[in-house]
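Working notes for the structure below.
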Amino acid sequence: MIDINALISTIMNNQVNIPLLQPLLDPLLGMPVIGYIIALILWKPFFVLILIPGFATMGIMLLILPWIERKMVGRMQWRVGPREISPHTRGIIQLLADSLRFLFQEVIIHKDAHKLYFLQFPFLYFIPVLLPLLFINAGTAGNPLVPIQTDYALQIMVALISLMPVFILGVGWASNNRFSFIGTVREAFLYFAYEIPFIVVILAMIVLYGTSNTVGVIDKQSGVWWGIIQNPLAALTFFIATVMATARLPFEIPEADQEVSFGPFVEYSGIAFGLAYVMGYEKMYVLSAIMTMLFLGGGSGPVIPGLGDLSYGIWFVIKTLIVLVVMANLRGVYPRYRLDQGLRIGWGAMLILALIALGWSIVVMGVRL
Amino acid sequence: MEYKNANIRFLESGLLSPFKKWAAKWSLWPCHFITSCCGVELAHAFACGYDGERLGTLNMGISRQSNYIIIEGTITRKMARALQFVWGQMPDPKFVNVIGACGERGGIFWNSYNITHPSDIVPIDFFIPGCPVTPEALLRGVRATQDKIIGKDRKTIEFKKVELPFEKRLKERMVPTSPKLFAPTPAIKVDVKSEVDWGKELENKLKKELDGLYKSITITGKNSIAIRTAQENLMEVARKLRDQMKMDHVKSVNVIEVPHERKFIVEYVVSSYSVEELMPVLVTVFTEMGVKDAKIQSLTSLWESANYSEREMHEFFGVLFDGNEGMGKKFILAPDTPDLPLRKEFKLPDERYVFEKSVTPEFMVPIEPPKDLYIPISEEFVEDAYASDEIVVPIGPHHAGSGHLRVTFRIKGDIIVDAIPEPGFVHRSMEKLAETKLYVQNIPLFERLAINDPVNMNLGYVRTIEKALGIEVPERAQYLRTIMAELSRIEAFYYDAAIFSLFFGHTTGFMYSMAIREMIIEALMRMTGSRSGPSFLVPGGIRRDIPDDVLGLTDNITFAIHKRMKKFEDIFVNNPVTIARAKGVGVLTKEDAIRCGMVGPFLRASGVNYDIRKIAPYEVYDKLDWEVTTGDDGDCLGRFLGRLEEIKQSVRIVKQAVDAVKGIKGAVLSEDVLGEYKEASSDIKGNFFRVFGNLVLPKGEWTTITEAGRGTLLFSIISDGESNVPYRVRVMTPCWMNLRGFMEALKGARYADFWAVYGSFGYFPPEADR
């Protein structure tokens, strides 16, 4: 039997504190059913997972991030980007139209495809992409905002991120198309190239922070001693690995649309492609959030008066957005590397950088001890 | 067609209809179907000048994910298959727009044997007229589709009848052109002796070398010699020419059919890259043979550069080139194209100007929608590839990163073992069409070889006529033609640079190049009145004088693009990733380049100093100060940088020419062609067909070479001396000549290098396929 009262007291003792909204929330909390729902939403782990920086923020990001990308790249290219759909808001709802269009479009399953897997994999792909959000700490030192606290948080995240390409391989295999085959093979090659430096860098940070609990990670970045200052090489390597993992330019090798026509996703249409299209941005968001947490001090920043805990969340989202925008801007600056060049960078420069970062961490730890 | 408006019906059904309509309206992702000229304007419409992305239309190019086809111009019989296939692959609801005149009823190619009407193949939502359409019109077409989606009915437009004051006068006038005069039994002679003071030495040398093998050696003009030989001696003559005379490449392979004499004339135009004195010389080796067993030894074993042209001639005329591996196979034409289309017995319908009510053009070839997707790869080929641990990847004709060319790769690992080209997706049969048009009507036709390099295409054709008629062009016109030709060269380069950067996934480079192109187009538009199809050059000069203020603007534009060129170089050319991708890739050595008969900047990039503007100067290139750019690397980066350097020289030429032309006053049309219409010497308007309608070229073959944007452009006109239409026109475009080297450069490269090589060659399928 679950002890209801103990559960309620757990929830009530761990509420998000937003002074500005408190006068508004207090009468609501007093109401019979609504009160419990509000209390549940304001329960810290739930709040973090559902609102900031969890699903709701991610949903909004997914809607505006492609727009930001298209607008910024457009500005770099002496043009305006999407606009006429809502001229007064500069076309901010463009992606809504695109996704609705995908939703209402026919989904074609060609006869050579493995029907079951062809439809399954894009949906299954959601799982490893969404789950790392459970361990992201958006708080600051002494004020954790994390859904699940565990001592193995970073290891679980790495495991889940390593799982992502497996689903892409499945997608490509089920498509049974030449270009998706080539794209899948490229993805598989590239996966090893970025995955090892990625893991080594995470290891370097675990060594540096002395813990793999995300709460501990944020605690070790108090003040201006963000991870990027403690170990800049690791931050650089992590960023490059993120760009590679999300197949952004200049490492847009598996999905190069001029070469392999979106690679694994070439046969997808309608909402299935819409999912795949959005998935790339989702992956970007999750990895940027991890980067913010590991290297940019999580939610630390000047406290916005009156917002209390929410202020940390807002700082966290702002930092994530900055990382995302930098990544999106790469599209306007760089062409695409060839597969072998990408692999050389992964197995060469990045691995060396990652190992130096690991060595650096060990030295720093030694000095500290 | 029962499918008509099914998409609209789908959007209007159900409770969610407003959302469906709204989403479809603002998310039309076009699957661009760049078939020919209009594709250039599509690039402009979606580049930074017009920015089609404002409307929410994002160019996609992948059939499964787009919902909108923009068919750009001519759909040939080969391309019709791809169109049908792509349309079938697209998910509903989908919309189709056709832009350009040739997508409607054929436009300028209306009587071609190789085109189809897109409306017979897929249901069309809107036709957008223009040849080529302007980007404004194209985007208006997108808006019209959006309006149709949300239910504003634009299916029927009622025209108001207006009384035009000049209607009566029009009726009294005759047809706007002269009637065509065909000689019933034309006398064809390709070696008409010319009285020029040139070449005695060379003639004697040839006579000595080829003793006993030739029938006659004739000097047919400055820098051209014709050798008549017997069918069985051709091989031996060719070998002598190659080994003793160092004639190392073939510029053109041509077949002329003379039906009433039941004979074919097969000729090879050869020239040399290795001997400097022989560079401008064109040696025509020809032989005659009966129509019945037209068979000749292929010269591919001697000259690799003859390979594709021989296959082409085999397809057009049925002459068998024994020894060429492509005999009996389709190369350019589709399986349902009429056989042997360039023979005289295959007649195209003639043009008619006044259509009476409800009379459709008599040329209604029953064009059925194609039933199969024709891929000329045998099963053995695929089996063989799989047996040796390779995969076969066909790319094109509709791929996000290819023009309308199909290349079939055999890939081992990531390395291209073999590349088999299949051109002809934009084959609009220019050579045959030219035989049904007056000499002067062919000017706009040949401009459409490469609409992104229009003036050079015109210049090549017009110079051939001028050579035949012996016309001296006034100096002012020569300067103006030089200015326009160089602007056109810059235009062609920046189109290729745009495509090159797009192939690397670098959209910013694409946009910057297109911005520069937009400015050049503006200058050409102020001069000629047309964005990209000026047809401004006429035999004897140009259509009308260009005022000084427009020339001043041209001068300003050369300054203005300078800053933007710098920005383009900063972001794309000096980008470390670009250099990594292009350096050392797709290398063509000097020997390979000569063997494959490369032309233009791509030949120069391999270290051969060959520029027609220097070796046989035309217009005023010899009066201006500029340098030829050559390189040694012969890789993608070298080719690209070489062209970039060449463009800087072009800007230099334009500046000098603009300065010079301001001081030269006078007529812009030669008195030799004007005859009694002297008043037209500064503006041909009103006298055009009176002056040019009955132009007849003297008997013989007239060949010129011109340095177009992408290399040597060879025009060869065969005239019978009586008709006012050409008997045969042979066009060898730079891209066609470069195709062999392009395929050679691919071997041993990586799969992803295809796009680097493709972009560096600036391969433009309409130009290659003609």
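A short reminder: the numbers here are calculations on the coordinates, not readings from a lab. This one's a predicted model, so the numbers in the text were calculated from it and none came from an experiment. Note that each Cβ is placed from the backbone with ideal geometry, even for glycine, and that neighbours are counted across all protein chains shown.
For the reader, a short list of remarks on this structure follows.
- Computed E for B:Phe85/B:Ser301 - FRET, C-beta separation, R0 41 angstrom, nearest 0.05: 0.60
- Within chain B, helices built from complete DSSP H runs that reach 15 Å or longer along their own axis (Cα positions) and carry a mean Kyte-Doolittle hydropathy of 0.5 or higher are B:507-528.
- With the convex hull drawn around the C-alpha atoms of chain B, the volume per residue stands at 171 Å³.
- Placing R0 at 41 angstrom, the Cβ-Cβ distance between A:Gln149 and A:Leu20 gives a FRET efficiency of 0.90 after rounding to 0.05.
- Residue mean of other protein chain beta carbons inside 10 Å, B:202-214: 0
- Across the stretch A:293-308, the residues whose backbone nitrogen lies under 20 Å from the label position 7 Å along the beta-carbon direction of A:Ser222 are A:293-304.
- Calculated FRET efficiency for the pair B:Tyr386/A:Met72, C-beta based, R₀ 45 Å, to 0.05: 0.45
- The stretch B:384-444 and the stretch A:47-111: distance between their alpha carbon centers, rounded to Å: 37
- The phi-based Karplus calculation (6.51 cos²θ - 1.76 cosθ + 1.60; θ = phi - 60°) puts the 3J(HN,Hα) values of the stretch A:19-29 at x, 5, 8, 4, x, 6, 7, 4, x, 5, 5 Hz, whole numbers, x for Gly and Pro.
- Calculated [θ] (222 nm, deg cm²/dmol) that DSSP helices of n ≥ 4 give over chain B, each run adding -39,500 (n - 2.57): -11000 deg cm²/dmol
- Percent antiparallel among DSSP beta bridges (both partners in the protein assembly as shown, rounded to 5): 75
- Mean separation of Cα pairs under 8 Å and 6 or more residues apart, divided by the residue count, gives the stretch B:430-769 a relative contact order of 28 percent.
- Normalised contact order of chain A, rounded percent, pairs of Cα under 8 Å and 6 or more residues apart: 23
- Over all pairs of different C-alpha atoms in the stretch A:167-321, the reciprocal of the mean inverse distance, the Kirkwood hydrodynamic radius, equals 17.1 Å.
- Inter-part distance where the stretch B:52-78 and the stretch B:730-760 are each reduced to a Cα centre, Å: 25
- Above-threshold pairs, the threshold being 18 Å between Cα atoms, out of B:Lys207/B:Lys263; B:Lys567/B:Lys648; A:Lys71/A:Lys319; B:Lys467/B:Lys678: B:Lys207/B:Lys263; A:Lys71/A:Lys319; B:Lys467/B:Lys678
- Convex hull of the stretch B:6-150 built on C-alpha atoms - directionally averaged projected area, nm²: 7.7
- Number of partner chain Cβ atoms within 10 Å, mean per residue of B:49-55: 6
- Average beta carbon contacts from partner chains per residue of A:93-102, 10 Å cutoff: 6
- Each principal axis of the Cα atoms in the stretch B:430-769 has its own extent, and those three values, largest first, are 62, 43, 30 angstrom.
- Relative contact order [Cα under 8 Å, 6+ residues apart], chain B, whole percent: 15
- Dmax and Rg, reported as Rg then Dmax, of the protein assembly as shown (C-alpha, Å): 33.4, 116
- Restraint check, B:Lys566/B:Lys747; B:Lys295/B:Lys330; B:Lys329/B:Lys437; B:Lys432/B:Lys699, Cα-Cα greater than 28 Å: B:Lys566/B:Lys747; B:Lys329/B:Lys437
- Think of it as helices only: each DSSP H run of n ≥ 4 in chain A is worth -39500 (n - 2.57), and spread over all residues that comes to -21000 deg cm²/dmol at 222 nm.
- Remark: spin-label model distance A:Asp340-B:Asp549 equals 5.9 nm, labels positioned 7 Å along the Cα→Cβ axis.
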